[in-house]
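Quick notes on the structure that follows.
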Amino acid sequence: AGSSLDDITYKVYPETITVSGDSGLLDSLISIDLPVIQLDQVMKDSTLTFDLSLPSGCTNLSGITQAAVTISFNGLVTKTLGTSNITFTNVPSGYTATAVTKSVDVTLRGKSDAISAITADNVHLVANLSNVASAGGNYTITADVYVDDTDSVGALGTYQISYKLKKS
């Protein structure tokens, strides 16, 4: 939830480069893939740079080795709320999970009217313990953030919580 391509403007520079190589190889080279940009990890209007990688046998005649992607968020605002709504799923059998982290400040992004309606009660973190070791102790895990009652507001960044796992 939150940012989508409808909410941003982006531009890639350069739009094209000149390459040479075997004609069979060039006939299949329509575009150069750049890494996927996770919008929830981009906090504000930004320019990101990526190395250009050509298939083996192609030569970059332009001399341009990087592409710049400029991202602008249109009409989106951010809001930071502290939440103590922390729950666990897939707790190993025979164990109890308890949050050591009592509150987390979560930064949200969305349209102004949707953001203004969100309170800390709408925000909760869920830690999925399905891939953790079944041994008692204190641990840290990345929790997913959920925002109730909206699909147009999403969390920015990643959030770590500490928890204690003990035998029931």
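The values are calculated or read from the model by the stated rules, or taken from the named source; none is laboratory data. All values derive from a computational prediction rather than experimental measurement. So basically every Cβ, Gly included, is an ideal-geometry build from the backbone, and we count neighbours across all protein chains shown. Ligands, DNA and RNA are excluded from the accessible area calculation, which covers all protein heavy atoms including side chains. Shrake-Rupley method; radii C 1.70, N 1.55, O 1.52, S 1.80 Å.
Look at residue 142 and say whether it is among the β-branched types (Val, Ile, Thr) and either closer than 30 Å to residue 7 by Cα or modelled with pLDDT under 90 (or both).
yes
This table checks each residue for (1) in a loop (DSSP other than H, G, I, E, B); (2) among the β-branched types (Val, Ile, Thr).
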{"residue": "27", "(1), (2)": "no, no"}
{"residue": "31", "(1), (2)": "yes, no"}
{"residue": "36", "(1), (2)": "yes, yes"}
{"residue": "44", "(1), (2)": "yes, no"}
{"residue": "50", "(1), (2)": "no, no"}
{"residue": "56", "(1), (2)": "yes, no"}
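Every residue in region 153-168 that is part of a strand (DSSP E or B) and among the small types (Gly, Ala, Ser), please.
Going residue by residue through region 153-168, those that are part of a strand (DSSP E or B) are 153-156, 159-167.
Passing the criteria: 154, 155, 162.
Look at region 62-90 and say how many of its residues are within 23 Å of residue 7 (Cβ to Cβ), loosely packed, with under 12 Cβ neighbours inside 10 Å and not β-branched (Val, Ile, Thr).
Total meeting the criteria: 2.
Any residue in region 112-125 that's in a loop (DSSP other than H, G, I, E, B): show its pairings with residues that are open to solvent by 70 Å² or more (accessible area, probe 1.4 Å) at Cβ separation under 9 Å, as long as the two are six or more apart or on different chains.
117/149; 118/149
Listed here are the residues, each with its yes/no results for (1) more than 16 Å from residue 82 (Cα to Cα); (2) buried (at least 18 other Cβ atoms within 10 Å of the Cβ).
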residue: 120; (1), (2): no, no
residue: 134; (1), (2): yes, no
residue: 148; (1), (2): no, no
residue: 156; (1), (2): no, yes
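For region 136-146, which positions are part of a strand (DSSP E or B) and either open to solvent by 30 Å² or more (accessible area, probe 1.4 Å) or hydrophobic (A, V, I, L, M, F, W, C) (or both)?
Matches in region 136-146: 138, 139, 140, 141, 142, 143, 144, 145, 146.
Residue by residue, here is whether (1) modelled with pLDDT of 95 or more; (2) under 19 Å from the mean Cα position of the chain (by Cα); (3) more than 24 Å from residue 143 (Cβ to Cβ) holds:
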site	(1), (2), (3)
10	no, yes, yes
30	no, no, yes
44	no, yes, no
49	yes, yes, yes
58	no, no, yes
63	no, no, yes
74	no, yes, yes
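Picking from 107, 87, 150, 101, which residue would you name as being touching a strand residue (DSSP E or B) at 6+ places or on another chain (Cβ under 6 Å) and assigned to a loop (DSSP other than H, G, I, E, B)?
Testing whether each residue is touching a strand residue (DSSP E or B) at 6+ places or on another chain (Cβ under 6 Å) and assigned to a loop (DSSP other than H, G, I, E, B) leaves just 101.
With the structure loaded, tell me whether residue 149 is under 18 Å from the mean Cα position of the chain (by Cα) and charged (D, E, K, R) or whether it fails that test. It would help to see each step written out before you state the result.
On the way: under 18 Å from the mean Cα position of the chain (by Cα): no; charged (D, E, K, R): yes.
Here the answer is no, as residue 149 does not meet what is asked.
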